[in-house]
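Report on the following structure.
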Amino acid sequence: MFKPLLGNIKSTLDSLQPMIKDIEKYNPKEGLENYAMQMEEGVNLVRKCSKVGVLRCCRKYKYTKKLDELDRCLQRLVDVLKVQGIRDVRETLVSLRNIETVLHRIEGNLVMQNQSEKIHGWSAVPEPPPVTVGLDVPVKELKIKLLKDDVSMLVLTAAGGCGKTTLAKKFCQDQEVKDKFKDNIFFVTLSKKPNLDLIVHELYQRKGSQVPAFQNEVIAVNWLQQFLKETGQSPLLFVLDDVWLGSESLLEKFDQFKMSNYKVLVTSRFAFPRFGSPYHLESLNDVDAMALFRHSASLDDKTSYAREDLSRKIVELCKGFPLAITAVGRSLRGQPIEIWRKKVMEWSKGSSILASNSDLLACLQSSLDALDKEKPILKECFLDFCSFPKDQRISAATLIDMWAELHGLDEPSLSIANLYELTTQSLANLVDTRNEREADGYYTEHFVTQHDMLRELAIHQASQEPIGQRKRLTIDIRGDNLPKWLTEAKHQLMQARLLSISTDGAFSNKWPNMQLPKAEVLVLNFETKSYALPEFVKKMDNLKVLIVTNYGFLPSELNNFQLLGLSSNLKRIRLERISIPSISKNLKQLKSVQKISLFMCSIGQAFGKGSIQILDALPNLAEMHIDYCHDLVELPAELCDLIRLKKLSITNCHNLSALLEKIGKLVSLEVLRLRSCTDLLELPGSIRNLKKLNFLDISYCFSIKELPEHIGEVCSLKKLNMRQCSRLRDLPASVLDLEQLKNVICDEETEILWEPFLPLLKNIHIKVLKEDINLNWLHKHPS
């Protein structure tokens with residue numbers, strides 16, 4: 001064993017020698033002196049043993065024992081070095097972490113230093129533009145709202161480009177505001193992802209103080225609170241400019257400190273309703289819009305009449321939108337009048353102002369980009385607005401039908417919720433002409449309005465893809481002049497799910513040939529006295545929703561209705577200002593239709609005896625809505641044969657005096673709404689057979705004097721709206737049998753009728769609503 005042992009030890013010594021020297025060089029206090037001495041002795045032993053080959057075997061045996069001892073000693077040394085190496089690695093890691101922490105602090109301070117150079121307005125409130133128009137009244141209104149004792153935060157909201165930041169700057173420069181807050185006005189423009197640490201550091205830098213880097217946001221909030229305590233002895237105003245969706249947590253941190261004379265003004269495209277009622281900045285009126293355009297285009301008092309006339313047309317096209325007015329004015333500044341005429345002609349014919357103004361487009365587009373990331377379904381709903389003519393209100397009921405099929409929003413309240421969200425983000429305006437807060441599923445009097453610039457944005461966004469690949473196809477036909485692409489694409493397959501066609505009063509029903517195998521929603525907008533469904537409808541195999549709206553004053557005849565007989569997937573039909581007798585001609589069965597809505601239609605003799613009954617063509621109807629059909633005098637007897645009908649809504653039909661006596665045959669009926677049928681005298685006794693009815697609405701039925709004697713047999717009734725039934729004098733005793741009744745909506749007069757029964761009706765809740773008449777629903781909303 002002598003020879004191989006000698007070789008191994010020699011190799012081990014050769015490997016260990018440079019390691020020991022390095023350890024002694026860099027870590028002289030490691031305590032390896034003894035092992036170094038043993039290695040030197042080992043080297044001498046190896047040299048002696050290298051010569052032992054010529055010696056006797058007894059001497060080889062002697063040296064073998066010494067080599068074995070040396071081998072064990074070296075093995076212990078290797079083990080010690082392993083442990084030492086592990087310890088050194090750990091110490092190195094700790095050192096690296098300490099270095100990393102210090103570097104992060106240095107880097108954080110440098111970042112804050114660099115970022116602070118990019119934020120303006122801490123040392124002085126930014127000046128508004130040299131020329132501002134139409135802001136004097138908003139400044140006064142802001143002061144009234146924000147300077148109230150019980151208001152700490154106010155959100156100033158409007159669409160992008162409406163002048164929110166300019167108004168906030170002008171507010172801060174108002175003399176009354178400056179006198180109140182003096183040097184305690186802090187104005188900061190936030191990024192889409194604001195940094196609270198940076199804001200707090202800037203606050204202290206404004207005071208001339210320094211604070212350490214914050215380890216977390218909780219510490220930053222504590223320092224903010226300390227700042228407010230120190231500074232809050234005097235009135236304090238924060239302006240948080242351009243706050244985006246997703247920054248609610250930041251606003252909460254500023255709003256949580258309730259202190260006297262502490263105010264926060266927020267400017268945002270989003271209303272953030274959780275922080276109180278916002279202030280909506282309106283568009284400019286015509287006078288102010290003209291003044292802004294003249295300044296932007298550098299017009300003076302010597303401007304020619306022709307250019308002044310073109311200016312008025314341009315201002316009208318911009319609809320009081322400040323950024324659009326400014327952008328267009330600057331683009332035309334110094335241009336020949338021929339350029340002005342060309343632009344006005346293009347825009348008047350439907351060309352988009354956005355397409356020629358990249359700054360304006362980018363400003364508005366950023367709102368959609370935010371939606372795309374946060375709530376893509378809202379973006380889809382917004383883009384659907386381009387399906388309707390400009391300067392016209394959009395019925396919420398129409399959108400409910402569309403979105404049920406396009407976006408799977410089966411519950412109407414989901415669509416209304418989306419409209420409210422779009423309103424809070426300044427992309428639409430939802431108006432409830434009833435001014436009621438009661439959520440009862442009645443949305444006939446909900447309308448949506450939208451600024452023309454936002455409508456153009458929707459059209460621009462929807463038209464980015466090639467025509468054949470677009471999800472939404474919007475066609476605007478003037479006279480019989482079809483778009484060029486449409487005349488060239490006679491046999492092209494269109495992939496659109498939503499098709500909207502708008503025609504004017506000169507259209508002669510000359511339809512192009514189109515192939516739309518995937519179209520689920522068809523929206524037809526027209527103005528003529530007579531209108532015909534296009535022939536290509538019979539090839540729309542996937543059609544689920546048909547919306548036909550006449551924007552003329554009188555109901556129009558609608559022909560070719562029989563083409564729908566081939567639409568096996570059609571579920572919803574909505575007709576507005578249509579003569580119903582005209583659609584009864586050659587009518588075929590529509591077995592798939594589940595809902596029909598007639599709004600401001602002329603009923604005439606469509607439901608009379610001897611006429612072709614439209615209801616016979618709808619055997620599977622589940623919902624029927626008849627609204628503002630003033631010539632509806634009586635209901636057809638065939639209505640009672642619709643045994644699958646679950647919702648029957650007949651509202652604002654003032655000449656309807658009676659319901660069908662056999663209405664009790666509608667055994668599936670769950671909702672019966674008779675709102676504002678002012679001549680309706682009574683409810684038929686057979687209503688007692690409606691065992692599934694859970695909601696009855698007879699509000700504003702002024703002529704009803706009594707309820708059916710056996711109304712208590714409507715055993716599933718949970719909600720009753722009897723507001724403004726002013727001739728109702730008493731209630732039948734059977735109301736005590738309405739065990740499921742939980743909610744009764746009434747006014748102060750009808751509330752008294754329930755008082756004798758309340759001791760026995762323990763679970764009932766009486767809600768009294770005050771009268772608030774609003775007749776503005778008929779007015780066309782100006783954009």
Accessible-area composition of segment 519-631, carbon plus sulfur, in percent [1.4 Å probe]: 49 percent
Cross-link partners of Lys319 among lysines (Cα-Cα below 19 Å; sequence separation of 8 or more within a chain): Lys164, Lys343, Lys349, Lys390, Lys780
Loop sites in segment 273-303: trypsin sites (Lys or Arg not before Pro), DSSP, at most 12 other Cβ within 10 Å: Lys302
Added length on full extension, which subtracts the Cα-Cα distance from 0.36 nm per residue, Ala213 to Val151: 19.1 nm
Antiparallel %, DSSP beta bridges [both residues in segment 556-704], to 5: 0 percent
Gln589/Asp730 FRET efficiency (R0 56 Å; Cβ-Cβ; nearest 0.05): 0.75
Other-chain or far-sequence residues with amide H under 5 Å of Ser602's (modelled H): Ile578, Ser579, Ile580
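At a Förster distance of 56 Å, what's the computed FRET efficiency of Asn559 paired with Thr303, Cβ-Cβ distance as r, to 0.05?
With a Förster radius of 56 Å, E is 0.60.
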Per residue, in Å², the accessible surface of segment 341-388 once ligands and nucleic acids are set aside, probe 1.4 Å: 44 Å²
Reachable lysines from Lys65, criterion Cα separation under 30 angstrom, eight or more residues apart if same chain: Lys3, Lys10, Lys21, Lys48, Lys51, Lys82
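Tell me, in nm to one decimal, what length is gained between Ala506 and Glu252 on full extension, where the rule is 0.36 nm per residue of separation less the Cα-Cα distance?
Length gained between Ala506 and Glu252: 85.9 nm.
Please figure out what share of the DSSP beta bridges in segment 372-513 is antiparallel and state it in percent, rounded to the nearest 5. Numbers along the way, then the final one.
Working: 7 of 13 bridges.
Rounded to the nearest five, the antiparallel share is 55 percent.
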Anisotropy class of segment 440-585 from Cα gyration tensor, a/c 1.5 cut: rounded
Paramagnetic reach from Ser716 in segment 659-692 [backbone N under 16 Å; point 7 Å along Cα→Cβ]: 664-673, 687-692
Rounded percent of accessible protein surface that carbon and sulfur make up, segment 175-327, 1.4 Å probe: 47 percent
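With the contact rule set at Cα under 8 Å and sequence spacing of 6 or more, what percent relative contact order holds for segment 353-427?
23 percent
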Sequence-distant residues sharing a close amide H with Asn721 (under 5 Å, placed H): Leu696, Asp697, Ile698, Ile745
More than 22 angstrom apart: percent of Cα pairs within segment 367-481: 33 percent
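The values are calculated or read from the model by the stated rules, or taken from the named source; none is laboratory data. Please read all numbers here as calculations on a predicted model, not as lab measurements. Quick reminder, even Gly has a Cβ in these numbers, built from the backbone with ideal geometry, and neighbours come from all protein chains shown. Areas reflect the complete protein model, heavy atoms only, side chains present, ligands, DNA and RNA absent. Shrake-Rupley method; radii C 1.70, N 1.55, O 1.52, S 1.80 Å.
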